[in-house]
Amino acid sequence: MDQTTEYIYKFVFADYAVIVGYLVMLISVGFIMKKMSKNIKDYFIGGNHVAWWLAGASCFMMSFSAWTFTGAAGFAYKYGILIILLFWFNVFAFIFMGKFIAAKCRQTRKITYLQIVYDRFGRAAEQVYTYIQIPMMLFGGAIWLIGLATFVSVAFGLPMQMTIIISGAVILTYSTLSGSWGVMTTDFLQSLVLMVLTLVIGVLVVLKAGSIGEIISNVPASHLKLVSSNHSILWIIAYFCQVFVIFTSITGAPRYLAVKDGKAASKAAYFAAALFFIGPLIWFIPPIAASYFFPDIAASLPGLANPQDGAYVIMGLHVLPHGLAGLLIMVIFAATLSSMDTAVNQNAAIICMNVYKPLIRPKASQKEMFVVAHIVNVMLGLIVMLTALLFAGQKDLPLFDLMLLLAGSIGMPIALPFLLVYWVKKTPRWSAVVASVLGVGYSALSKTYGFLAVPHKWATDLLNQSGLFNLDPTKEWPFPLIVGGIILISGGTFLLSTLAWRWVGSESKDKIEDFYKTMNTPVDPVKESIGNVDNRQFFIIGTLAMIVGSGLLLLLFTPNDMISRIAIAFTGVVIFLVGLGFYIIGKKTAKSLQLIESENE
């Protein structure tokens, strides 16, 4: 089934109607949820009134974006089922988070994770991480935006630069409008629509091929192996360590800070784990099958620098009926909102709560902070767009490797002390910064880019002289060596700093003791005047889901074959029924709350 001619999908009226309708819905959510963001705490963490299932879906959605369906799909196209295992590592990380960490995050009672850093490590450490973390998160946001632009450019045949500008502007407008309430609400809707739609795509691809067995028998044999010359057991273990450390550190705290208490935070993590267990099983059937349907994908997608990154797009558009193809574009488009929230909204929270309020305007009012939050949000969004434009011409590395480069160079050295801090208490305030800096320094020495070439050669020669390695000084060190070295240096430094505990002053020791006492004290919603979970979440999400489902069922009136009609009906009915269920739950919850209030009067 080799298609060597350029692949172009022609959108029809039904596709454009779905795209317009979806955009209208996103804008509507922004206006609706704006009413629930009355102050800075509402804007950044939903005022602690976010339901666990909403926070869990947001944890799930913020952990991937269009990159999953471009960069990761390109990895699946090239290497096969290994990508499923790599994504399942997220499941273990979220289960661990739910069991041991999520509740502790919530019990810090903060708005940003850098406020947690301030309480534990002091102002100097907070500021160091602020000025390291903000550029890293913005660069990560740019990568996600590139992934989105890749997807949209394949679907519409538009230049990547144009799609970055258009997509970034729409995302920025929406994500700024209503803060965390809007983002988390659409995160849930997006996860619902995305899971149902990707299931439909997976089934249609299998039907197109004839059976799962047909796909297995026709894809390259190497696609069915977990271990290969490119990805050894050590590489897989290193990847697991990287994912686990990054996903379980304090840097992942913001979504857990939004819920009512520690129990809700744990439930949110478990819900994200469940979604991540199911997702990869259906997400990566299409790109793996694409290696069978489109073995010469470069000829089919000549406009992409890394053609394999379009594997999911080309396969999805190949099997979806009209209308659902437009929905696929919009779901992947919208999925990046949660990643942009990580890069933009959380950065805005950090700048407001960790820079502007404590250092620039300590007496700033809630109203002033609310205005500043919106302004900073817009500014950071523009920076992400400009960064994405600069990297849009990247031709040397696929998106997957670019993501690894980002996470491996900076993310892991920062995250490791922030994971150990939950259990290793007796370390001085400088311990995390020193551990991170040494880890970042080691990671930098492993690279060969630009000015790093000379120190890289020096460090490589030093390692080779030990007799344990035989490394090429002109090439980057192997991935397992990089991750293992970061764990040894960054983690080891943090642990060794416990030896300096005896010299820590009594005042610092008391503050550190207070930090752990607060973190380990369960939240009492009544005593802390948090109130009940806002039941409007059920009504709003239920209503919107029913509207989306009903709108999709209108596609049954478009000309399609029987299988396509069944696919449309299944997608629309499932989404509608889930929405109906949430609407009913909302009504029952509202009645229960009214009864409780009347009894208390």
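The values are calculated or read from the model by the stated rules, or taken from the named source; none is laboratory data. From a predicted model like this one, the values you see are computed outputs, not experimental measurements. Counting neighbours? That spans all protein chains shown, and the Cβs are built from the backbone with ideal geometry, glycine included.
Annotation: of all residues in segment 476-502 being closer than 10 Å to Thr427 by Cα and touching a residue at least 24 places away in the same chain (Cβ under 8 Å), the one that is surrounded by the most Cβ atoms within 10 Å (Cβ to Cβ) is Phe494. Is it true that Leu327 is closer than 30 Å to Asn377 by Cβ, modelled with pLDDT of 85 or more and more than 20 Å from the chain's Cα centre (by Cα)? Here the answer is yes, as Leu327 does meet what is asked.
Given the criteria surrounded by fewer than 21 Cβ atoms within 10 Å (Cβ to Cβ), of a type in the set (Asp, Glu) and in the same structural domain as Phe271 (by TED's automatic domain parsing), does Glu214 qualify? Yes, satisfied. Where helices (runs of 4 or more DSSP H) fall entirely within segment 227-310, those with at least 3 residues that are more than 17 Å from the chain's Cα centre (by Cα) are at 233-248, 262-283, 285-293, 297-300.
Selection of segment 423-475 for residues being of a type in the set (Phe, Trp, Tyr) and surrounded by 14 or more Cβ atoms within 10 Å (Cβ to Cβ) yields Trp430, Tyr442. Residue-level check: of (1) under 21 Å from the mean Cα position of the chain (by Cα); (2) closer than 30 Å to Ser232 by Cα, Tyr77 misses just (1). I want to confirm something. Restricting to segment 489-509 and keeping residues that are of a type outside the set (A, V, I, L, M) and over 36 Å from the mean Cα position of the chain (by Cα), which single residue is nearest to Tyr118 (Cα to Cα)? So, considering only residues that are of a type outside the set (A, V, I, L, M) and over 36 Å from the mean Cα position of the chain (by Cα), the one nearest to Tyr118 (Cα to Cα) is Glu507.
From the list Val193, Val183, the lone residue that is modelled with pLDDT of 80 or more, of a type in the set (Val, Ile, Thr) and crowded, with 21+ Cβ neighbours inside 10 Å is Val193. Just to be sure I understand the filter: pairs with C-beta atoms under 6 Å, separated by 6 or more residues or on different chains, first member in segment 134-155 and in the same structural domain as Ile383 (by TED's automatic domain parsing) and modelled with pLDDT under 75, second member among the basic types (Lys, Arg) and buried (at least 24 other Cβ atoms within 10 Å of the Cβ). Which pairs pass? Here the result reads none, with nothing in segment 134-155 linked to a residue that is among the basic types (Lys, Arg) and buried (at least 24 other Cβ atoms within 10 Å of the Cβ).
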